[in-house]
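The values are calculated or read from the model by the stated rules, or taken from the named source; none is laboratory data. Since we're looking at a predicted model, the values are computed, not measured. Here the Cβ positions follow ideal geometry from the backbone for every residue, glycine too, while neighbour counts run over all protein chains shown.
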Amino acid sequence: MSDLHIYAFGHALVDEEYSISEALLQSLGIAKNHRTLIDYQRSSTLRQRASTEGNLNTRTGGGSGANTLATAALLGANCHFSCLLGNDSEGQFYQQQLLDSGISTDQNSFQESGHTGVCLVLLTPDAARTMNTYVGITDYIGPKHLNIPALQQAQWVYIEGHLLIAESGFLAALKARDEARRLGKKIAVNFCDPAVVRLCRERLAILLDEPVDLLFCNEEEAAIWAQSDHPEDAESAMHRLANSWALTRGEHGARVFDGTVTHQVDALKVNAVSTLGAGDTFAGAFLYGLVSGLNYAQAGHLASLAAAELVQQSGPRLSKNQLEKVKNQFYG
């Protein structure tokens with residue numbers, strides 16, 4: 001593990017996307033286009049109905065941190081991910097997904113009590129995506145679940161914003177930050193979701209009490225944090241939080257600050273099907289670029305290519321073949 005590039009820990013969710021009819025969505029009593037947290041029984045009921053009355057499109061490991069590492073690992077980075085899984089078929093599937101992506105993980109990830117989290121995405125004919133998430137055992141990840149030896153070996157420690165929603169995850173993030181600082185490791189933080197910035201502002205301020213090495217966010221998250229719609233205010237706020245940052249802007253590309261210069265990264269013109277996982281893919285490709293010796297402008301361009309490839313499909317991750325295509329585009 002001495003050549004470990006990135007260590008991360010976070011939420012482990014199996015993502016399942018089903019195509020269903022509008023009538024089924026209504027009969028299930030689900031608010032269209034909304035993200036809803038549900039319990040295990042409700043999750044089981046929805047999955048059973050969706051599988052018998054709809055069509056399964058994709059099933060993959062998910063969670064923001066894991067999605068980021070999957071991109072980085074499949075591109076060639078050495079990565080380790082700590083998480084909590086139920087001792088069930090979903091947990092076995094999730095662990096295999098990590099291993100298939102080339103991500104090492106902890107032997108004690110499986111918990112005897114509790115179930116693996118599942119994010120159910122219901123796709124109606126109008127292309128609307130309605131998400132119902134059972135967080136499961138992953139909601140309890142805390143400081144004791146960090147793999148400190150792996151963290152000590154890594155060049156980068158990556159912290160996903162979703163962890164800050166639960167007290168235990170917040171404490172784990174603080175412990176990882178403190179250990180990384182003590183050892184002189186580079187720290188990357190991803191806001192992950194506008195809801196995280198709204199709900200966890202105080203915790204984010206504590207986590208980012210001193211500038212981290214790298215911050216990932218999108219323009220909506222940056223605007224919420226800066227409490228301003230002016231791009232220059234958002235960028236000024238990013239400067240106070242991090243020594244370098246990457247600000248994604250959808251079809252307008254991204255802006256990346258390398259500590260001295262801000263670079264504009266143009267977006268590719270593609271027919272977007274879904275933006276689910278685009279930010280995670282961008283972050284993973286960007287981190288791979290940095291650990292492989294690219295400068296910030298080059299890493300931003302590689303990350304933009306990867307994100308453009310992702311949004312043309314359903315599902316939050318790219319395959320190894322797709323990422324090889326991205327590398328060929330970049331290096332070719």
From (1) out of contact with any strand residue (DSSP E or B) (no Cβ under 9 Å at 6 or more places or on another chain); (2) touching a residue at least 24 places away in the same chain (Cβ under 8 Å); (3) not in a helix (DSSP H, G or I), pick out the condition that doesn't hold for S228.
-> (2)
Mind listing just one residue for me: the one in the range 254-273 that is at pLDDT below 95 and in contact with a helix residue (DSSP H, G or I) (Cβ under 6 Å, 6 or more places away or on another chain) and, of those, surrounded by the most Cβ atoms within 10 Å (Cβ to Cβ)?
-> A267
Look through R203, R198 and report the one residue that is buried (at least 19 other Cβ atoms within 10 Å of the Cβ), of a type outside the set (A, V, I, L, M, F, W, C) and under 19 Å from the mean Cα position of the chain (by Cα).
-> R203
Mind telling me which of the residues E202, E210 ends up being part of a loop (DSSP other than H, G, I, E, B), at pLDDT 95 or above and among the acidic types (D, E)?
-> E210
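Among the helices (runs of 4 or more DSSP H) confined wholly to the range 16-76, which include 2 or more residues that are over 16 Å from the mean Cα position of the chain (by Cα)?
Helices (runs of 4 or more DSSP H) meeting the threshold: 22-27, 40-53.
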Which numbered condition trips up G250, out of (1) surrounded by 15 or more Cβ atoms within 10 Å (Cβ to Cβ); (2) at positive phi; (3) modelled with pLDDT of 95 or more?
-> (3)
Only one of (1) out of contact with any Leu (no Cβ under 7 Å at 6 or more places or on another chain); (2) charged (D, E, K, R); (3) free of Cβ contacts under 8 Å to residues at least 40 places away in the same chain is not met by D15, so which one is it?
-> (3)
If we keep just the residues of the range 103-158 that are within 21 Å of the chain's Cα centre (by Cα) and acidic (D, E), which is farthest from C79 (Cα to Cα)?
-> D139
Out of (1) surrounded by fewer than 18 Cβ atoms within 10 Å (Cβ to Cβ); (2) closer than 29 Å to A303 by Cα, what's the single condition that is false for Q107?
-> (2)
Return yes or no: is S168 closer than 19 Å to G63 by Cβ, in contact with a Lys or Arg (Cβ under 7 Å, 6 or more places away or on another chain) and of a type in the set (S, T, N, Q)?
-> no
Name every residue in the range 31-64 that is basic (K, R), surrounded by 14 or more Cβ atoms within 10 Å (Cβ to Cβ) and more than 13 Å from Y18 (Cα to Cα), in order of residue number.
-> R35, R42
Identify, by number, the condition in (1) among the hydroxyl-bearing types (S, T, Y); (2) outside any loop (DSSP other than H, G, I, E, B); (3) modelled with pLDDT under 95 that S113 doesn't meet.
-> (2)
Take F170 and decide whether it is surrounded by 18 or more Cβ atoms within 10 Å (Cβ to Cβ), free of Cβ contacts under 8 Å to residues at least 60 places away in the same chain and over 26 Å from V256 (Cα atoms).
-> yes
Filtering the range 283-332 down to residues that are within 18 Å of the chain's Cα centre (by Cα) and of a type in the set (D, E, K, R), which residue is surrounded by the fewest Cβ atoms within 10 Å (Cβ to Cβ)?
-> K320
